[in-house]
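Trainee: Sharing a structure here in structure tokens format.
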Amino acid sequence: HGWYTCIHCGKKYRKGDMDIDHIIPQSKGGSDSEWNLQCLCVHCNRSKQADTRDTFSDRVKSADRIISREVKSSPLGSLLGRKK
């Protein structure tokens, strides 16, 4: 309980050692929408700063995370998860 995984380095940290990062930095027009946010450890977030080299792969990971969560919580998701 209380451990979170950094999207970039894959290490597990406590909540206090994590930051919410803007995939597309606000300085470059990024929004505060869930589709543009990810959890990074303090070190990875400070190292990234306004770098956009990983933007595409980070956006794909974010979309996968959000879509997976929505499918699991929908009535259709429970039907799709059943084994025959």
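Trainee: Within the stretch 58-74, can you find the residues that are within 17 Å of Lys28 (Cβ to Cβ) and open to solvent by less than 60 Å² (accessible area, probe 1.4 Å)?
Mentor: The answer is Asp58, Ser62.
Trainee: Can I ask one more? Let me confirm something: among Lys61, Lys48, Lys83, Lys72, which residue is in contact with an Asp or Glu (Cβ under 9 Å, 6 or more places away or on another chain), on the phi < 0 side of the Ramachandran plot, at pLDDT below 90 and among the basic types (Lys, Arg)?
Mentor: Residue meeting the stated conditions: Lys48.
Trainee: Residues of the stretch 1-51 being assigned to a helix (DSSP H, G or I) and surrounded by fewer than 16 Cβ atoms within 10 Å (Cβ to Cβ), which ones?
Mentor: Across the stretch 1-51, the qualifying residues are Lys15, Gly16, Asp17, Gln26, Ser27, Lys28, Glu34, Trp35, Val42, His43, Arg46, Ser47.
The values are calculated or read from the model by the stated rules, or taken from the named source; none is laboratory data. Note that the structure is predicted; figures quoted are calculated from it, not measured. In this analysis, Cβ positions are derived from the backbone assuming ideal geometry, glycine residues included, and neighbour counts consider all displayed protein chains. Calculation scope for accessible area: heavy atoms of the full protein, side chains included, ligands and nucleic acids excluded. Shrake-Rupley method; radii C 1.70, N 1.55, O 1.52, S 1.80 Å.
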